[in-house]
Amino acid sequence: MTPTHGSSLVSDSRLATHEAGTIAYAEPAVPRVPVVLSDFERVQLTEPCEQDELKRIQVHFMTLAQAAKRGLKTDRERDELGRTIAERMARFGTSSQYIATRQVCVLSSNFVTRSDADTGTTRLYGGLRTPTGELLDARMSLFERTAETVFERIYAESTAAPDDIVHVSCSGYLSPSPVQIYLSKRGWYRTAVTHSYHMGCYGAFPAVRTALGLVGSSYASLPRPKRRVDLVHTEFLSLHFDLLGEAPDNFVTSTLFADGFIKYTASPESEFARGAKNGLKILALEERILPASLPEMTLRPGPFQFDMSLSKKVPFLIRDSVADFVTSLCAQAGCDFEREKAAMVFAIHPGGPAILNQIRNKLGIEESQIAISREVLHRHGNMASATAPHIWQRVADAPDVRPGTKVLSMAFGPGLTVIGALFEKL
């Protein structure tokens, strides 16, 4: 049998008994197709804003919305409410020590109004089109327009369509989806679409698993192999900031999360090797749901926005499970974690600074090994599913991370789900 281009063949010999005795025969070989992630392209729609300024802006809009909800009429009442919200923001909001800047695209949307008659902080930051915040339908319409803009930016110079696009998001869903709308506009009718939605911060990993399956199965089972599967993340998380929420975790999440948009490609290693570029070869994937953890992190559509809850237990539940998880993940690829961990780079989803600290201490690794994860959090905030690909891009492009380095990546989300991948930098 002639090997399929770009694959290696693995055969499985079994025994058959005939009258003459026992003989060995070989079953048909199964192609194994190594898959590489490469061609990372980040899209920035608005200029990142400094964290401390964003917190002041949020206090302003929360004050407007809650004053409207309560029917407050006097400046004194509104000022008193604003001081209370500012105190809670100072107590519970994520410090600029951990996040310096974030992209918050909703501030540039038509949800924010401007008028020459505005005064005070409203003149500085704007007013609200809908006094107590937009309903979910309006938010989804804005998501649709924003995601279409991302696709237009990504493929503006492209003349060749990918075989498939996996669209990843936990911040917006419509049918037809933004990717289907864009493909129809371009006339790329033969590009297949997979929607990988609502998994939150760990969403990149199931999307990679899907792309891996699309490429690998096409060589094993289909007449036409796939040479390019693009993954596109459109995380418009500022769309879901809750202006009416008074609970501490609302201040945490709304100062932790940010908007992130990124595209990358999964392709057979043979296709990747044709160009001089950096990439991450997929060696292993693993996923687990932690027992007795279902209520600790939730993400549910509400009347105004997608509502998220985040328990203080999350970093500790992750800490207690991570050592066994990484050992099992590495073993899939014949890698002894304890023996090889000192030479690894760790691309850990920075759900918050506490998660990075707990994992670093539990695994006994150096701060330098999670430096890129820490930097992405500091420069961009938590971009949900788009965060891990931002880290992967930095690892792939980093000159001090040499080819052959193993990269252990992890993320976490509702379930609680712990999911990870082992890569090799090429």
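A short reminder: the numbers here are calculations on the coordinates, not readings from a lab. Because the structure is a prediction, the values reported are computed rather than measured. As a convention, Cβ positions derive from the backbone with ideal geometry for all residues, glycine included, and neighbour counts pool all protein chains shown.
Brief remarks follow.
- Taking the C-alpha atoms only, the angle from helix 136-154 to the longest principal axis of the chain is near 50 degrees.
- Across the chain, the volume of the C-alpha convex hull divided among the residues equals 172 Å³ per residue.
- The length gained on full extension between residue 47 and residue 184, counted as 0.36 nm times the residue separation minus their Cα-Cα distance, comes to 46.3 nm.
- For residue 55, the shell of other residues with beta-carbons less than 13 Å away shows a net charge of 0, using +1 for Lys and Arg and -1 for Asp and Glu.
- Put in line by how crowded their Cβ is, counting other Cβ atoms within 10 Å and starting with the fewest, 165, 154 read 154, 165.
- Cα long-axis angle, helix 371-380 against the chain (0 to 90 degrees, to the nearest 10): 40 degrees
- Taking the centroid of alpha carbons for each part, segment 207-226 and segment 35-66 are 35 Å apart.
- Span per principal axis, largest first, for the Cα atoms of segment 279-425 (Å): 48, 31, 24
- As a rough footprinting exposure proxy, the listed residues 383, 344 were ranked by other beta carbons within 10 Å of their own, and the order from fewest upward is 344, 383.
- Peptides 299-306, 392-399, ordered by how many other C-beta atoms sit within 10 Å of their residues on average, highest first, read 392-399, 299-306.
- Between residue 288 and residue 80, the contour length at 0.36 nm per residue exceeds the Cα-Cα span by 70.2 nm.
- Tilt relative to the chain, helix 353-363 - C-alpha long axis, 0 to 90 degrees, to 10: 30 degrees
- Unpaired Cys in the chain, meaning no second Cys C-beta under 4.7 Å: 49, 105, 170, 201.
- Stretch gain in nm, segment residue 298-residue 141, where the contour uses 0.36 nm per residue and the Cα spacing is subtracted: 54.2 nm
- Least to most buried among 201, 330 (fewest other Cβ within 10 Å first): 330, 201
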